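Below: the structure, in structure tokens.
Nothing in this text is a laboratory measurement; each read-out follows from the coordinates by a stated rule. Computed from a predicted model, the values in this text were never measured in an experiment.
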Amino acid sequence: MWSQILILQMLRTSKIPFIQSNASKPVLITTIIGIILFTGLTFTPFATNLGLTQLPALYFIYLFVIVILYMLLISFAKYSYIAKYKKLI
């Protein structure tokens, strides 16, 4: 969920998201709530019914690092695309 929703933020603008360009309030709220709800879901008893297991805290450190690296890779690809085609899709 983290990577999917944050990559959408990265691709929605040719600028740097969260620094040079902010999404509208509803989009930001949906992003934050989505990440919190889907992350928190694994810590509820209902998660077992969905076949989910509780994740160790160390997982979230790895997840954070991987998502940051993924966002940097997407930014590089986006700027390379813009340099070649002179516009964002």
> Mind checking which lysines have their C-alpha under 16 Å from K86, skipping anything on the same chain fewer than 8 residues away?
Replying inline: K15, K78
> Top mean-square fluctuation among L63, L52, L73, Gaussian network model of the chain, C-alpha springs under 10 Å?
Replying inline: L52
> To one decimal place, what orientation-averaged projected area in nm² is obtained for the convex hull of the Cα set of the chain?
Replying inline: 6.9
